[in-house]
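Right, one structure below, let's go through it.
The values are calculated or read from the model by the stated rules, or taken from the named source; none is laboratory data. Keep in mind the model is a prediction, meaning the values are calculated, not measured. Cβ: placed from backbone, ideal geometry, glycine included. Neighbour counts: every protein chain shown. Side chains included, ligands, DNA and RNA excluded: accessible areas come from the protein's heavy atoms. Shrake-Rupley method; radii C 1.70, N 1.55, O 1.52, S 1.80 Å.
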Amino acid sequence: MYRFLLSRQWVILTLVALVLIPTMIELGFWQFHRHERRVAQNALIEDNLRARAVPVEELTSPGHTVPRADYWRQVTATGTFDTAHEVVVRRRTSADDRVGVHVLTPLVLQDGRIVLVNRGWVPNADDQRSFPQVPPAPRGQVTVSGRLKADETTGASGIKDLKGLPDRQVMLISSEQQAALIGKTVLGGYIEQTAPEPAGDSPELIPEPDHDSIGAHMAYAVQWWLFTAGVPVGWVILVRREVRDRRAAAARAETADGAPEPAGAPA
């Protein structure tokens, strides 16, 4: 009765089911690991945002690559803004998803070294190749507080570092790139400014990174694993239905073969 399982149709169906099971299991674990990474990142962001602020020089130095463990650490820096070497970072969105630029201003520290400060978001100029209207940075000595961030790279951000951009416009925040343009020593990474609070016509400060939502990755993982369980169950249901249909067909055939000939039938 089960020899039909060796037919071409059923062999293909069984092979497809055998391929789907490990594939769906792997997709479930992929989503589960994404959930774990999101939970770990949320914990890292929360811990670093709550940590005591330290001078930026304690966490970075020229040529230093900020490790992930130090992302979003609260830091302070005291110096004077070098607006002559200020640049804007193109294609950045505001908190309400308007497209504009981030204002990147070098801060000259008391020892002469420089740390880059992302002062916040401003709208694009009407002409994409023109330098936008940027509110001036405070004059004189100022103490900036903010979140430490690593240099942006094409590989990590997916943003292409385009060539031939207008003067004083960049695509990525890179301490190495800015050091070459300024001609002075620049600390690795940059500060995402949180204080002092903007007054009047100042750039919009960048909001805290989201560290509350965990997304739907866990739900997707469970969904894939439920699909995995459904494959063998569905296969068994199809087999049983096929067996039932074949038995019913065989019974009908036997009934037809054993039925008496009608009266008056010719010999």
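Take the chain with all the other protein chains still there, run a 1.4 Å probe, and you get 60 Å² of accessible area per residue. Using the Kyte-Doolittle scale, which helices in the chain average at least -0.5 and also have C-alpha atoms spread 15 Å or more along the helix axis, with helices defined as whole DSSP H runs? Span-like helices in the chain: 8-50, 217-258.
Would you please classify the overall shape of the range 69-113 from the alpha carbon gyration tensor, given that a ≥ b ≥ c denote the square roots of the eigenvalues, rounded means a/c under 1.5, and beyond that prolate means a/b larger than b/c while oblate covers the rest? Oblate, since a/c reaches 1.5 and b/c is not below a/b.
Roughly how much of V144 is accessible, in Å² to the nearest 10, using a 1.4 Å probe? Ignoring ligands and nucleic acids, V144 comes out at about 0 Å². Only Cα pairs under 8 Å and 6+ residues apart enter the sum, and on that basis the relative contact order of the chain stands at 25 percent.
So what does M218 come to for accessible area, using a 1.4 Å probe and Å² rounded to 10? Its heavy atoms expose roughly 70 Å² to the probe.
Taking the square roots of 5 times each eigenvalue of the Cα gyration tensor of the range 137-267, largest first, gives ellipsoid semi-axes of 80, 19, 14 Å. Accessible-area rank, largest first, for D245, D151, D212: D212, D245, D151, with all protein chains present and a 1.4 angstrom probe. Exposure check, 1.4 Å probe, all protein chains in place: R91 carries approximately 150 Å² of accessible surface. How would the range 122-163 be classified by its alpha-carbon gyration tensor: rounded, prolate or oblate, with rounded meaning a/c under 1.5 and the a/b versus b/c comparison settling the rest? Taking the square roots of the gyration eigenvalues as a ≥ b ≥ c, the range 122-163 is oblate. Accessible area per residue (1.4 Å probe, heavy atoms of protein chains only) ranks T14, T255, T60 as T255, T14, T60, with the largest value leading. With semi-axes defined as the square roots of five times the eigenvalues of the C-alpha gyration tensor, the equivalent ellipsoid of the range 28-131 measures 29, 24, 11 Å, largest first.
Report the chymotrypsin sites (Phe, Trp or Tyr not before Pro) located in the range 1-38 that are in a DSSP loop and have at most 10 other Cβ atoms inside 10 Å of their Cβ, or state none. In loop regions of the range 1-38 (DSSP not H, G, I, E or B), the sparsely surrounded chymotrypsin sites (Phe, Trp or Tyr not before Pro) are Y2. Heavy-atom accessible area with a 1.4 Å probe sorts L20, L205, largest first, into L20, L205. When a 1.4 Å probe is rolled over the protein heavy atoms, the share of accessible surface on the range 112-187 that falls to carbon and sulfur comes to 48 percent.
Note that the chain shows a convex hull volume over its alpha carbon atoms of 247 Å³ per residue.
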